[in-house]
Amino acid sequence: QVDRTEVIRTCINPVFSKLFTVDFYFEEVQRLRFEVHDISSNHNGLKEADFLGGMECTLGQIVSQRKLSKSLLKHGNTAGKSSITVIAEELSGNDDYVELSFSARKLDDKDFFSKSDPFLEIFRMNDDATQQLVHRTEVVMNNLNPAWKTFKVSVNSLCSGDQDRRLKCIVWDWDSNGKHDFIGEFSSTFKEMRGAMEGRQVQWECINPKYKAKKKNYKNSGIVILNQCKIHKMHSFLDYIMGGCQIQFTVAIDFTASNGDPRNSCSLHYIHPYQPNEYLKALVAVGEICQDYDSDKMFPAFGFGARIPPEYKVSHDFAINFNEDNPECAGIQGVVEAYQSCLPKLQLYGPTNIAPIIQKVAKSASEETNTKEASQYFILLILTDGVITDMADTREAIVHASHLPMSVIIVGVGNADFSDMQMLDGDDGILRSPKGEPVLRDIVQFVPFRNFKHASPAALAKSVLAEVPNQVVDYYNGKGIKPKCMSEYESSRTLAP
């Protein structure tokens, strides 16, 4: 049990105020069960309560719909007309960043033969009384009325998400020997700085404590002015999912001859009566997670490297349901059934070319860019048993796809040498096209299935999907595309004035 709500008395349509806080991981199937109980006034806990019904779902289903309503089940049957509604909201705000523009006037002159060379430092005061430098401006030479360049800093770095956290600001006179002269200081908060958000200015007296203690008529050592404070929202993965962005999951399966005859028990495509082969294990592990973020649960499924009926020509992007006009399968189970059904009808052949299938999905992703909305993000899962033979074309296709709302996951099945495949994963360096053009984003994740042969399917899914949320955010934030339906949701997570 994670938590429970408060008790609401004598009510058949309760609205609970209790909030449950749960960590969200896209790359995991997080199964939840909600139970509703009727507790009498003199209750002694749940043992004496009447069970009204329960509901099971995944956290992914809740966040993808934002508001999930399902019937309550009691002993496997619907509990009358009873239902439960769960609403998800992200606890956030610290990913935003702020743009600040400072200037000063009438600063103390610390130099004999010229004017001061001022710069400004901003420190965050931590809970343990230490201070952390947040930003240091450039030096403005020979100027008592400097205007420093506008700079950006994350809200988390500036105040750790606490708008009332103290900020210590110090103005120095730069010296080439590194022994800078102290001009003055002041303290503020991010909440106070937000006063400069709408064309207004916020200003502080820059105080030198020694001068203030010694000089009777001392006023200040200058005035520091905040001319501009702009807050920029850095939308999160959940912002886009809750805003209505759908994950379009596509699978591509290697049907080259190196897999072995599917009728032979040694084949990677052998359909064992009691346990799934590696292709099916990888497909289900990844697909089970992605399906929570696709409302219609219809998944295009393709094959490559086989001769297909009726003419038995080699194809590298055929629909495994043999319906080229509609290659979609109903749910992950539909993909599994189409895979098992097509195997006896194919002639496994070759070579192992994956560029055509990347280009096919990229075409759909390219059409999505015309909407200028965060409507659909494409994930292509490629399952292959060997090193690809069209590396140059594949590199070209990936570089092109890196400009699109698309990610590519490659799972190497079997015991082949996959060392050449690692270059497609940008972890070891920047992938480039044959012409030298670099990828705009790192969109490829490659893992050999054998690394997870003795682990749970969840471990494989976690490994290959962990980078997807950042890839989604990088694409849409990089294009300046906001989540679609943000009005009510965005207002709920906007920093309070």
Hz values of 3J(HN,Hα) by residue in the range 327-337 - Karplus curve (6.51, -1.76, 1.60), Gly and Pro given as x: x, 7, 10, 7, x, 5, 5, x, 5, 4, 5
Give me a comma-separated list of calculated 3J(HN,Hα) values for the range 128-134, in order, Karplus coefficients 6.51, -1.76, 1.60 applied at θ = phi - 60°, integers in Hz, x for any Gly or Pro. 8, 6, 7, 10, 10, 5, 9
Would you be so kind as to identify which of Leu32, Asn77, Leu59 lies farthest towards the positive end of the dipole of the range 1-88, taking Lys and Arg as +1 and Asp and Glu as -1 on Cβ and the Cα centre as origin? Asn77
If we count other beta carbons within 10 Å of each Cβ, what is the order of Thr10, Thr371, Thr394, fewest first? Thr10, Thr371, Thr394
Pull out the extension gain between Glu337 and Leu32, defined as 0.36 nm times the separation in residues minus the alpha carbon to alpha carbon distance; nm, one decimal. 107.0 nm
So, in nm, how far is label Lys297 from label Gln131 when the simple model puts each one 7 Å beyond its Cα toward the Cβ? 5.9
For the range 173-235, max minus min Cα coordinate along each principal axis, in Å, sorted largest first? 48, 32, 17
Against the longest alpha carbon principal axis of the chain, how many degrees, from 0 to 90 and to the nearest 10, is the axis of helix 468-478 turned? 50
Inter-label distance, nm, simple model (7 Å from Cα along the C-beta direction), Ala459/Arg165: 3.7
List the equivalent ellipsoid semi-axes of the range 97-232 in whole Å, largest first, each obtained as the square root of 5λ for an eigenvalue λ of the Cα gyration tensor. 25, 16, 15
Between His272 and Ser419, Cβ-based FRET efficiency (R0 25 Å, step 0.05) works out to 0.30
Relative exposure of Met406, Met234, judged by other C-beta atoms within 10 Å (fewest first): Met234, Met406
Treating only the Cα positions of the range 340-428 as identical point scatterers, give the base-10 log of I(q)/I(0) from the Debye formula at each q in 0.16, 0.19, 0.21 Å⁻¹. -0.73, -0.94, -1.07
Taking the Cβ-Cβ separation of Met141 and Ser375 as r and a Förster radius of 56 Å, what is the calculated FRET efficiency to the nearest 0.05? 0.65
Any residue on another chain or 5+ positions along whose placed amide H is under 5 Å from the amide H of Tyr25 is listed here as none
Per DSSP helix of 4 or more residues, -39500 (n - 2.57); summed, then divided by the residues of the chain. What does that give at 222 nm, rounded to the nearest 500? -6000 deg cm²/dmol
Measure out, as a whole number of angstrom, how far apart the alpha-carbon centroids of the range 143-214 and the range 77-132 sit. 13
Which distance in nm do the two modelled labels at Lys363 and Asp181 give, with both placed 7 Å along the Cα-to-Cβ direction? 7.1
What's the FRET efficiency of Phe322 with Ser157 using the Cβ-Cβ distance as r and R₀ = 51 Å, to the nearest 0.05? 0.40
May I ask you to sort Cys206, Cys266, Cys229 by Cβ crowding, counting other Cβ atoms within 10 Å and putting the fewest first? Cys266, Cys229, Cys206
Taking a quarter of the surface of the convex hull around the Cα atoms of the range 1-88, what do you get in nm²? 6.3
Computed P(r) (all Cα pairs; the chain; 20 Å bins; percent): 19, 38, 30, 13, 1
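Just so you know, all these numbers are worked out from the coordinates, no wet-lab data involved. Computed from a predicted structure; not experimentally measured. Positions of Cβ are backbone-derived with ideal geometry, glycine not excepted, and every protein chain shown enters the neighbour counts.
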